[in-house]
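The values are calculated or read from the model by the stated rules, or taken from the named source; none is laboratory data. What you see is a predicted model; the values in this text were computed from it and never measured. All Cβ positions, even for glycine, are placed from backbone atoms using ideal geometry, and neighbour counts span all protein chains on display.
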Amino acid sequence: MSTNNDELITAFKAKGYRITKQRLIILNALRNTATHPTAEEIYNMVKPQIPNISLGTVYRTLGALEELGLLQKLVYGGSFSRYDGNVNAHYHAVCLDCGKVLDVDEPVLSNLEERFSSETGFTIVGHKLEFHGYCKDCCKRKN
Ligand SMILES: [Zn+2]
Ligand SMILES: [Zn+2]
């Protein structure tokens, strides 16, 4: 996925955030991976580029980026969250063995929302659908 830094800078400025190199590096790292990394994994990804960064700064930056709507925070009830640089609506599949989170390349069920909404008068602002199971690698390892 390509990243338009100008667009990001505009988003930061609109919310009164300062645009720091750190923030751009962290966001770019997140946008260029499909692994849905944890904060600690992101920390390890950006450390070569920002040697003096702390894990606390990574957490604070992720919080700011979430507030700006530039990332999605994925909470799975565990002790840590995962982060997704793709903010377009999409589903995830979670491996119950290794914890890997994969993007599901299937259309979002907006007609389901529309149907339910027109039947019940319920105003829908979003929905969640998540697939649980075992990834290819874990299946291979077991056999
Ligand atoms: Zn797995
Ligand atoms: Zn995703």
- Condition set among the charged types (D, E, K, R) and part of a helix (DSSP H, G or I), scope region 50-80, selection farthest from the chain's Cα centre (by Cα): answer is ARG60
- How about region 23-37: which of its residues are surrounded by 18 or more Cβ atoms within 10 Å (Cβ to Cβ), under 19 Å from HIS92 (Cβ atoms) and away from ligand 1 (no atom under 16 Å from the Cβ)? LEU30, ARG31
- Filter region 1-49 down to residues that are assigned to a helix (DSSP H, G or I), of a type in the set (Val, Ile, Thr) and farther than 18 Å from ASP84 by Cβ, then give me how many there are. 2
- Message: Here's a check for you: in region 97-133, which residue that is out of contact with any strand residue (DSSP E or B) (no Cβ under 6 Å at 6 or more places or on another chain) and within 16 Å of ligand 1 (Cβ to nearest atom) is farthest from SER81 (Cα to Cα)?
- Response: GLY133
- Any residue in region 12-33 that's assigned by TED's automatic domain parsing to the domain that holds LEU74 and among the β-branched types (Val, Ile, Thr): show its pairings with residues that are surrounded by 15 or more Cβ atoms within 10 Å (Cβ to Cβ) and in a loop (DSSP other than H, G, I, E, B) at Cβ separation under 8 Å, as long as the two are six or more apart or on different chains. ILE25/ILE50; THR33/GLY85
- Just wondering, is there one or more residues in region 44-56 that are hydroxyl-bearing (Ser, Thr, Tyr) and either touching a Phe, Trp or Tyr at 6+ places or on another chain (Cβ under 7 Å) or closer than 18 Å to VAL104 by Cβ (or both)? no
